[in-house]
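The values are calculated or read from the model by the stated rules, or taken from the named source; none is laboratory data. Owing to the predicted nature of the structure, the values given are computational and were not obtained by experimental measurement. Backbone-built Cβ (ideal geometry, glycine too); neighbour counts: all protein chains shown.
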C-alpha cells in the first residue's frame, strides 16, 4: 500500500477539473463495449480513470510519469503504466482522457517534487499539452475521441490552434466558470 | 499488468513492439518481469504489477 500521507502530498487529488472531465466523458461515452481501449493520461490518483471506468463498463488504463501516482492509482483498482504522456503507448486508442498540469509557472521556478510537477504547466501553461497534441494523432483510432481539460489560464484558442496544426478538430463539450478561470472540456478528433 | 495490455504498449524510444518476459505472475496479471524492445533491445522493468515505460535516462529520481 502507498503511504497515504505521502501520496496526498505528492499526488494530485481530485478537484473541480477532475470532476468536470470525468462527468463530461462519462455522459458522452455512455456504455461502451468491453474491448474499447480507453486511456487516462496523467491519471494521478486514478480518479478520472475509475469514474469513467465505472460509467462505461470498461477497464480504463491509467498512465502517469510519477512513481507515486501510479502506485496510488493501482491501489484504487486502476490498471496502470508508468510513461511520459503517450510515449509508451501504441494505438489505436478509442478514447483518450487528459487532465494536464496547466497552471502557468515562472520560467525560473524549478519543480523539485512530484506535486509541483503535477501542477506546473510551464511559462505558458502548455508544457504538457503541446507535446500531447503533437503525439495524439499517432495513437488515436480513426474514429477515436480524446477529452482534454483546459483552462482559460492556458489560452484555449492556442490549444485549439495547436490541435488544428496536428490535424485534429477541437470542439467545446462542457465548461464551468470559477472566480479566476474558466474550465473547458475539449473533444478532439481526427479532422 | 494484464497480458492483454501488450496490444497497446510500445517502446517509448522507437515505438516498436515489445516482447514480454514473465518472472512472477498470478492468475490475473504479471507482477514482475520485463518488456524488451524487439528492435533496439532496450529493457523496461515490470515491478509489483506496474510496467515502467520511461526511457532509461528518465527512470530514476525526481522530475527533471
Per the filter on the range A:13-34, residues in a helix (DSSP H, G or I) and surrounded by 14 or more Cβ atoms within 10 Å (Cβ to Cβ) are A:17, A:18, A:19, A:20, A:21, A:22, A:23, A:24, A:25, A:26, A:28, A:29
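Mind counting the residues in the range B:21-33 that are under 14 Å from residue A:81 (Cβ atoms) and surrounded by fewer than 17 Cβ atoms within 10 Å (Cβ to Cβ)? Can you show your working first?
Filtering the range B:21-33 down to residues under 14 Å from residue A:81 (Cβ atoms) leaves B:29-30, B:33.
If we keep only those that are surrounded by fewer than 17 Cβ atoms within 10 Å (Cβ to Cβ) too, we end up with B:29.
The qualifying residues number 1.
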Quick check on residue B:6: is it under 19 Å from residue A:61 (Cβ atoms) and part of a loop (DSSP other than H, G, I, E, B)?
no
By my count, helices (runs of 4 or more DSSP H) wholly in the range A:75-191 with at least 1 residues that are in contact with a strand residue (DSSP E or B) (Cβ under 6 Å, 6 or more places away or on another chain) and at pLDDT 95 or above are A:129-139, A:156-165
Among residues of the range B:26-37 being touching a strand residue (DSSP E or B) at 6+ places or on another chain (Cβ under 6 Å) and without any contact (Cβ under 8 Å) to a residue 24 or more places away in the chain, the residue nearest to residue A:43 (Cα to Cα) is B:31
Those residues of the range B:4-16 that are more than 8 Å from chain A (Cβ to nearest Cβ) and within 11 Å of the chain's Cα centre (by Cα) come to a total of 1
Taking the range A:48-65 and keeping only residues that are surrounded by fewer than 24 Cβ atoms within 10 Å (Cβ to Cβ) and at negative phi, one is left with A:50, A:51, A:53, A:54, A:55, A:56, A:58, A:59, A:65
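Mind telling me which of the residues A:75, A:94 ends up being within 14 Å of chain B (Cβ to nearest Cβ), in contact (Cβ under 8 Å) with a residue 40 or more places away in the chain and over 26 Å from residue A:142 (Cα atoms)?
Values: A:94 fails: over 26 Å from residue A:142 (Cα atoms).
Step by step, each of A:75, A:94 is checked, and only A:75 is within 14 Å of chain B (Cβ to nearest Cβ), in contact (Cβ under 8 Å) with a residue 40 or more places away in the chain and over 26 Å from residue A:142 (Cα atoms).
Which residues, counting only those in the range A:97-118, are free of Cβ contacts under 8 Å to residues at least 24 places away in the same chain and either more than 23 Å from residue B:59 (Cα to Cα) or away from chain B (no Cβ under 12 Å) (or both)? Full working, then the answer.
Of the range A:97-118, the ones free of Cβ contacts under 8 Å to residues at least 24 places away in the same chain are A:105-112, A:116.
Across the range A:97-118, the qualifying residues are A:105, A:106, A:107, A:108, A:109.
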Picked from the range A:80-90 (must be farther than 11 Å from residue A:42 by Cα and buried (at least 24 other Cβ atoms within 10 Å of the Cβ)), the residue nearest to the other protein chains (Cβ to nearest Cβ) is A:88
Taking the range B:19-64 and keeping residues within 10 Å of chain A (Cβ to nearest Cβ), touching a helix residue (DSSP H, G or I) at 6+ places or on another chain (Cβ under 7 Å) and either more than 30 Å from residue A:120 (Cα to Cα) or in a strand (DSSP E or B) (or both) leaves B:50
